[in-house]
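The values are calculated or read from the model by the stated rules, or taken from the named source; none is laboratory data. Values in this document were obtained by computation on a predicted structure and should not be read as measured data. Glycine gets a Cβ as well: all are built from the backbone with ideal geometry, and neighbour counts include every protein chain shown.
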């Protein structure tokens, strides 16, 4: 049997490949570290995701706080407006049936009293009488609070502020019902015995403006207007 030498020139020994160098050799002996791969590199992603989630969470919390604050402000504003509105409804009846009726009966504005400290006349007696008996637009202001005839102040317990209601006669239509009685119905037939005619009474018409608001914050106010037939 012939022995075969595998290390002869016929079958040279297989050289093992050297490992790939970690550095690249440049001319003149300079060495530079290889550039790391960009694709597939996930370093820092956890920090970025944490920052994004934190920002989203802060935006959600800020939105909830804003909606809660807006709801509280809206509820308080509606409550203040409803208070001013109810006070205005009460004052329009009081001003028409109490102040105007007494004024048409001959009572001066200053002699009507303060009604336990809640009523305050603003204009003079002569100007108020002129408003009651002058035809046409008799108000100088756009709103009752600009130039009121009288003011009604409703006191509340602290911390609720008082409600101030301003009242004014805006225009007057002269009638023939007289200034000493509110009886508006009558005859309109011929009295054969005397030969006289009793005309149908025509009432005085007063357009009234009312504005109720808080004494401290007039932002929420209620404005009403109505026609009162005397």
(request) Kindly list, by first and then second residue, each pair from a residue in segment 215-230 that is on the phi > 0 side of the Ramachandran plot and in contact (Cβ under 8 Å) with a residue 24 or more places away in the chain to a residue that is buried (at least 18 other Cβ atoms within 10 Å of the Cβ) and not in a loop (DSSP other than H, G, I, E, B), limited to pairs with Cβ atoms under 8 Å and residues at least 6 apart or on different chains. (result) none
(request) Residue by residue through segment 96-141, note down the ones that are under 20 Å from residue 165 (Cβ atoms), modelled with pLDDT under 90 and surrounded by 13 or more Cβ atoms within 10 Å (Cβ to Cβ). (result) 138, 139, 141
